[in-house]
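A quick write-up on the structure given underneath.
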Amino acid sequence: MKTITAFILTIITLAGFSAPDANEILKKVDKNLSSDNRVMESQITIQGKRGARTISSKTYAMGDKKSFTEYLSPAREQGTKMLKLENQLWIYSPSTDRIIQISGHLLRQSVMGSDLSYEDMMDDRKLTDIYTAKVLGEEEMYGRKTYLIELTAKVTDVAYHSQKMWVDAERFVPLKQEMYAKSGQLLKRLEMKDVIQVKGRWFPTTMVYKDMLKDGDGTEFKISKIEFNVDIPEYIFSKAALKK
Amino acid sequence: MKIAFKLAFRNLIGAGLRTWLNVIVLSFSFVVIIWMKGILVGWDHQAKNDMEQWEIGKGQFWHNQYDPYDGFTITDSHAPIPNEFKPEIEKGEMVPMLFAQGTIYPQGRMQPAMIKGIPANQTLLKIPTHKLDSVTDVIPAIIGEVMARSSHLEKGSRVVLRWRDSKGTFDAAEIEIVDIFSTTVPTIDVAQVWINLETMQEKLLLPEQATLFSFANAEENRPAVGDFRLKTKKELTAEIDAMIKTKSKGQSVFYFILLLLAMLAIFDTQILSIFRRQKEIGTYVALGYTRQQVVTLFTVEGAMHAVLAAALAAVYGIPFFIWQSKVGFTIPMDTSEFGMAIAPTMYPIYSVGLILSTTLIVLLTTSVVSYWPARRIAKMNPTEALRGKIQ
């Protein structure tokens, strides 16, 4: 009897050891996705009722506090710039030659008609800083093995109280993410594809963002070029750079 | 002087159609000016009255940080309800309200909305908050007609409402529109959703907190209490005053044109009279009138146009004014999104002061316009005038 008990205990312990630690997974995800700074060129494709439109832009980001985006095309959006410093956001529109600060209800408006609201762009702290994670199981997605992780906020000032994340078991890149309200209502879904390796880190270059409360096919965010840890001049993150 | 009036009246009536044309034009100016001014007074009265009944009561206490024109302030504009206010709230003489920004998703569209929490049992304001007590498995909410129109929501519609609690965490829940109210006050209607205060405090993690209070006690100069400062009715309705002032200035141009037309006619008549009635002027002087007396006679004659016009205006104007004050004037456009309390139908209010001041202005202007050409008489040579020689 003792032998059987010892055998069962060994099995359980071994099983315990083989189950990946959710926080470890998150750390690896953060390592892949977060960087001191990055410069990227991207195309946002917004699916609307009258077809899709694509906006291309170039973004400079330093840590999670500063970012600067310039819209390159189409002609209507060309020259529009957006600056985010901490929790403040400014937009410069060349047609009016004015810098306006996005605040209040404007933060809740969608960015250029996409499924992203300005406030979605405001919170990009490291996942490990704001969530505790629990592995719910393993699932296959896009032909790859993923860990399904449940994230629950461990700080109070977090945008989404809980999230579900399907993380590639080999590359530690999320392939799908669902964001929930405190009430449990599914608010947003993010699907990530076309994972590439840049300077030793895995990074998804296509993200489909979907506001689950809104109709439509979502917004596709495609990165055409990305560079990590490059030198970005400090003046880029100033209001003066918006009018340049 | 009495004889001057008698003569002037006789001369005027004797002039026949010429006089009556002038009088009709002038009476028209009278009626239009009084009516338009009446509309402005009526609008001012209605807007302030509606604001008092629907939104502000006799005044409000605002959280120090609250600024309805600055979106940044809304998130932090809340504080615990001061103990000093509690007796008034219990008596129903003060209504606490809590504001937060949110988003609704009608028919899969995203629409920003201000969420306002108000006690369901309040009776101070006309907002039908008792409907917030409706039994439903989701959060009962009420909205105004303009909001219902812009979001395509109807009574009984269910829609997802999303907000961030005081810590910044997203939360969302379904609300049911249990009532749609009709008001002329856009600041409680456009892009706003009203829910029960307690539900709101619970959802935002702000128990016993409020953004502002409307109160029934008209006492002026109430001191600031804690984080809340007094906003008197006068301050809260200052925008209406400013709007009325602007409108009134705009209208003055119109009055000026109207009066100018009437005055031109009178001026012309006076010039013509003096030109054509030189023999008469010479006779007056020959009979012993001083030149100044002749000038007075002609001035009175001209000014009497205004008196006759006032009488004529009264004949058709008074029934028109009475009819208008009952039926009102419906603005031929949608006023609901003007951002001010404008009723679609405005009821003019005419005060004695308004009628007297208008009459006085018209009378004075007519007198001046009549006197101006009559001054020439003083320079006339009576013998030449008697001979009818043009001078």
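Bear in mind these aren't lab numbers, they're just calculated from the coordinates by the rules spelled out. Quantities reported herein were computed from a predicted structural model and do not represent experimental measurements. Cβ placement follows ideal geometry from the backbone for every residue including glycine, while neighbour counts extend to all protein chains displayed.
Is the shape of the protein assembly as shown rounded, prolate or oblate, going by the alpha carbon gyration tensor and its root eigenvalues a ≥ b ≥ c, with a/c under 1.5 for rounded and a/b larger than b/c for prolate? In terms of gyration-tensor shape, prolate.
Over chain B, DSSP H runs of length four or greater, each weighted -39,500 (n - 2.57), average out per residue to a 222 nm ellipticity of -16500 deg cm²/dmol.
Between the helical axis of A:22-33 and the longest alpha-carbon principal axis of chain A there is an angle of about 30 degrees. Angle check, please: helix B:238-276 long axis (alpha carbons) against the longest principal axis of chain B (alpha carbons), in degrees 0 to 90, nearest 10. Once rounded, the angle reads 10 degrees. The value obtained for chain A, namely the Cα convex hull volume divided by the number of residues, is 153 Å³ per residue.
For a quick check: sort B:Val178, A:Val155 by the number of other beta carbons within 10 angstrom, fewest at the front.
On the way: B:Val178 21, A:Val155 13.
Going from least to most buried by this count: A:Val155, B:Val178.
Take each residue of peptide B:166-179, count the partner chain Cβ atoms within 10 Å of its Cβ, and average: the result is 5.
Remark: B:Phe275, B:Phe215 ranked as B:Phe275, B:Phe215, counting other beta-carbon atoms within 10 Å and listing the fewest first. Once the Cα-Cα distance is subtracted from the 0.36 nm per residue extended length, the B:Asn83 to B:Ile318 segment shows a gain of 79.1 nm.
Ordered by the count of other Cβ atoms within 10 Å of each Cβ, fewest first, B:Glu301, A:Glu70, B:Glu198 give B:Glu198, A:Glu70, B:Glu301.
Angle of helix B:17-51 to the longest C-alpha principal axis of chain B, folded into 0 to 90 degrees and rounded to 10: 20°.
When the Gaussian network model of chain A links Cα atoms closer than 10 Å, the mean-square fluctuations of A:Gly216, A:Gly143, A:Gly184 top out at A:Gly143.
Around the amide H of A:Ala169, modelled in the peptide plane, lie the amide H atoms of A:Lys145, A:Thr146, A:Tyr147, all under 5 Å away and 5 or more residues distant in sequence or on another chain.
By the rule of a C-alpha distance below 21 Å, with chain neighbours fewer than 8 residues away ignored, the lysines paired with B:Lys379 are B:Lys279, B:Lys389.
Over segment B:59-217, what is the percentage of antiparallel beta bridges among all DSSP beta bridges, to the nearest 5?
70
Of the residues A:Leu186, A:Ser114, B:Val253, the one whose Cα sits farthest towards the positive end of the charge dipole of the protein assembly as shown is B:Val253 (charges of +1 on Lys and Arg Cβ, -1 on Asp and Glu Cβ, taken about the Cα centre).
Cross-link check: pairs A:Lys84/B:Lys167; A:Lys66/A:Lys145; A:Lys58/A:Lys243 evaluated at a Cα-Cα cut-off of 26 Å; pairs beyond the cut-off: A:Lys66/A:Lys145.
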